[in-house]
Ligand SMILES: [Zn+2]
């Protein structure tokens, strides 16, 4: 488990803007970087086009994986949005978690958007501290 993920404010804002633009549908994407530091956010189309679930478009996901590898980075996190909450990963998110990376939820609560990170292992989620640099 990674206890903390560090990224710049512009990355957090990009995720929030992307999530806002796709609401009420869920949006998703990948965060790439080194160790616990995010260097790039890659958006992937939500093939499910649903307000309550996401399925990454396999072709765009593959392209994103190739970009990450060709740039010498690692996949650090997967994000998706919860335009209508909850602010944590859902039971479905936990059941469908396919990668040992941080799972970031971009959620809307009382009209404001924010991010939380989770590590999913053995059917349980633990919070990962998201450190956003100014
Ligand atoms: Zn979810």
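Sort 70, 50 by Cβ crowding within 10 Å, fewest neighbours at the top.
70, 50
Normalised by the number of residues in the stretch 4-133, what is the relative contact order in percent for Cα pairs under 8 Å and 6+ residues apart?
That works out to 26 percent.
Take every DSSP beta bridge with both residues inside the chain and express the antiparallel ones as a percent of the total, to the nearest 5.
Just about 70 percent of them are antiparallel.
If I model a spin label as a point 7 Å beyond the Cα along the Cα-Cβ vector, how far apart are those points for residue 6 and residue 90 in nm?
Output for this residue pair reads 3.4 nm.
Using Cβ contacts closer than 10 Å as the measure, can you line up 35, 109 from fewest to most?
35, 109
With viscosity set to 1.567 mPa s and temperature to 4 °C, compute the Stokes-Einstein D of the stretch 4-133, Rh being the Kirkwood radius across alpha carbon pairs; µm²/s, no decimals. Kindly include the intermediate steps, with their values, before the conclusion.
Working: Rh = 14.5 Å.
For the chosen part, D equals 90 µm²/s.
Using a Gaussian network for the chain with springs between C-alpha atoms less than 10 Å apart, which of these wobbles most: 79, 107, 65?
Judging by the Gaussian network model, the answer is 65.
What ranking of 93, 129 emerges when the number of other C-beta atoms within 10 Å of each C-beta is taken as an exposure proxy, fewest first?
Ordered from fewest to most neighbouring Cβ atoms within 10 Å, 93, 129 come out as 129, 93.
Read-outs throughout are calculated quantities, based only on the coordinates presented, and are distinct from any laboratory measurement. The shown structure was predicted, so the numbers you read here are calculated from the model rather than taken from an experiment. With ideal geometry, Cβ positions are generated from the backbone for all residues, glycine too; neighbour counts draw on all protein chains shown.
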